[in-house]
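Beneath this line is the structure, given in structure tokens, with notes to follow.
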Amino acid sequence: MSEETIIKVLIVDDIADTCDQIEKLLFFEKDIKVVGKASNGRQAIEMALKLQPNVILMDINMPEMDGIAATEALSAKGLPIGVIIMSVQGETDYLRRAMFAGAMEFLVKPVPSDDLFNAIRSVYARVIVKPTRGPAVSPSENQPQKSDAKGHLLAVFSPKGGVGTSSVAANLAIALRQLTNKKVVLVDGNLVLGDIGVILDLKSADRTIAELAENITEMDRELLNEVLANHSSQIKVLVAPPNPQIGETVTADHFRRILEFLCTEFDYVIVDTPCSFQDRALAALDLADRIVLLMALEMTCIKNIKLFLEVAELLEYRREKIFLVLNKADSRPGIKVADIEANIQHKVALQIGNAPLEMTNAINQGVPMVIDKRDHRTSKDIFSLAKQLATMSGETVGDETAAKSQATAKTEKKSGGLFGMFQGR
């Protein structure tokens, strides 16, 4: 963000003291300027049309017109304004309503100042690069054309961070390649803070998804091959940008078009999907043939899983689209899988064993477990996951294929990853 950039913010809250406090918080941020304050949703719409702010901080419960209704009205007008809903209520119903109204962020009051600043800048970055809707661009010979054959898009996702989506996505991609011998590409969908490059030790990958986004209208097979990184397991990898500022320039529309094109070039597209309900995550979830929904044996995670299943129903996702997987499964007392299934009304399709030490070492070495520890229970569980997903995609994965994959799974081990930085190569 350049020094000349000023983010214009409109504060909307029926409590005047709250507006004043937020204004004082933002006063010392040189790139943020409060251009107005409104006390209800109706007034917010009028001031938004007049002042043209970049970001609106919108309370939910207000007289005359609440924040949800005002957000819906602003979204309908198609204005280049990002709305951040703020509420003292953190219930899932509020989050769900805010998301469907068109809000880009949901913050629970009181909001830590750093979280508020980061949210404003993040929303502004997504708004300012969001392409205006217009007539479709006429196809050219350089633009990707939809082929008759469509690859299977598998989105590895969890509504709770720290569940292991990146590690599972990386290992799953390699397992699918070994089991099916099909073309597999792994996409780091965490565009702001992606980890796939570290997990696979792709230090030499200097071209990222941002390059495809910059050349979205000229994207073709040649450019794609230049940008994709090669991994020793014979999968291709589309890595995330090196810093958050570049990552924010990749819009949901960019992300969707890139994924659609990858599905014309590969048999399997595995997406490490960000932990959020924001537009880029929803782009991957909407396109996915299967959502590999990861859950851990933690009450906060189970609560978020239940929320996601409710949101998925509102989004009209087919129930069979969601493949619920218990990751880091162990014999921890107190929480039974059967009780969880009864509570969330969804069956756990598969469990992946917990291997905290081995998985951490695999990440630090840059050598995934399905390569380095093929016979470990966790690796076998991931191969079982790959086999089930491949079978549901129409593949025939028999014992002979599995035996061949086991024979070729052990590749030459290298001293790479984080440890390799210190040991030398």
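Among the residues of the stretch 4-48, those that are aliphatic (A, V, I, L, M) and under 12 Å from Ala70 (Cβ atoms) comprise Leu10, Val12, Ala38, Ala44, Ile45, Met47, Ala48. Just one of (1) buried (at least 17 other Cβ atoms within 10 Å of the Cβ); (2) modelled with pLDDT of 90 or more fails for Gln234. It is (1). Which ones in the stretch 294-313 are among the hydrophobic types (A, V, I, L, M, F, W, C) and out of contact with any helix residue (DSSP H, G or I) (no Cβ under 7 Å at 6 or more places or on another chain)? Scanning the stretch 294-313 gives Ala296, Leu297, Met299, Cys301, Phe308, Ala312. On inspection, Ser379 fails the criterion of being modelled with pLDDT under 90, hydroxyl-bearing (Ser, Thr, Tyr), assigned to a helix (DSSP H, G or I) and more than 23 Å from the chain's Cα centre (by Cα).
Once the stretch 244-273 is narrowed to residues that are of a type in the set (Val, Ile, Thr) and assigned to a loop (DSSP other than H, G, I, E, B), the residue that is farthest from Arg177 (Cα to Cα) is Thr249.
When you look at Ile84, is it within 27 Å of the chain's Cα centre (by Cα) and in a strand (DSSP E or B), yes or no? For Ile84, the condition - within 27 Å of the chain's Cα centre (by Cα) and in a strand (DSSP E or B) - is met. Would you mind stating whether Gly36 is within 21 Å of Phe117 (Cα to Cα), modelled with pLDDT under 90 and in contact with a strand residue (DSSP E or B) (Cβ under 6 Å, 6 or more places away or on another chain)? No: the conditions fail for Gly36. Restricting attention to the stretch 27-56, and to residues there that are in contact (Cβ under 8 Å) with a residue 60 or more places away in the chain and among the aliphatic types (A, V, I, L, M), which single residue is surrounded by the fewest Cβ atoms within 10 Å (Cβ to Cβ)? By that ranking, first place goes to Ile32. One residue stands out among those in the stretch 188-243 that are in a strand (DSSP E or B) and under 21 Å from Ala125 (Cβ atoms): the one that is nearest to the chain's Cα centre (by Cα), which is Asp188.
Each row is one residue, and each column tells you yes or no for (1) under 19 Å from Asp330 (Cα atoms); (2) touching a strand residue (DSSP E or B) at 6+ places or on another chain (Cβ under 7 Å); (3) modelled with pLDDT of 85 or more; (4) surrounded by fewer than 22 Cβ atoms within 10 Å (Cβ to Cβ).
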residue	(1), (2), (3), (4)
Val367	no, no, yes, no
Asp375	yes, no, yes, yes
Lys387	no, no, yes, yes
Ser393	no, yes, no, yes
Gly398	no, no, no, yes
Gln406	no, no, no, yes
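If you go through the stretch 278-301 one residue at a time, do you hit one that is surrounded by fewer than 22 Cβ atoms within 10 Å (Cβ to Cβ) and β-branched (Val, Ile, Thr)? Yes, because at least one residue in the stretch 278-301 is surrounded by fewer than 22 Cβ atoms within 10 Å (Cβ to Cβ) and β-branched (Val, Ile, Thr). Scanning the stretch 307-335 for residues that are without any contact (Cβ under 8 Å) to a residue 40 or more places away in the chain and more than 27 Å from Lys380 (Cα to Cα) gives Leu309, Ala312, Glu313, Leu315, Glu316, Tyr317, Arg318. Of the candidates Ile270, Ile246, the single residue that is among the aliphatic types (A, V, I, L, M) and closer than 30 Å to Tyr124 by Cβ is Ile246. Listed conditions (1) in contact (Cβ under 8 Å) with a residue 40 or more places away in the chain; (2) crowded, with 23+ Cβ neighbours inside 10 Å are all met by Lys8, apart from (2).
Might you let me know whether the stretch 239-254 holds any residue that is of a type outside the set (Ser, Thr, Tyr), surrounded by 21 or more Cβ atoms within 10 Å (Cβ to Cβ) and within 23 Å of Leu315 (Cβ to Cβ)? Yes, the stretch 239-254 has at least one match.
The values are calculated or read from the model by the stated rules, or taken from the named source; none is laboratory data. All values derive from a computational prediction rather than experimental measurement. Reconstructed Cβ throughout: ideal geometry from the backbone, glycine too, with neighbour counts over all protein chains shown.
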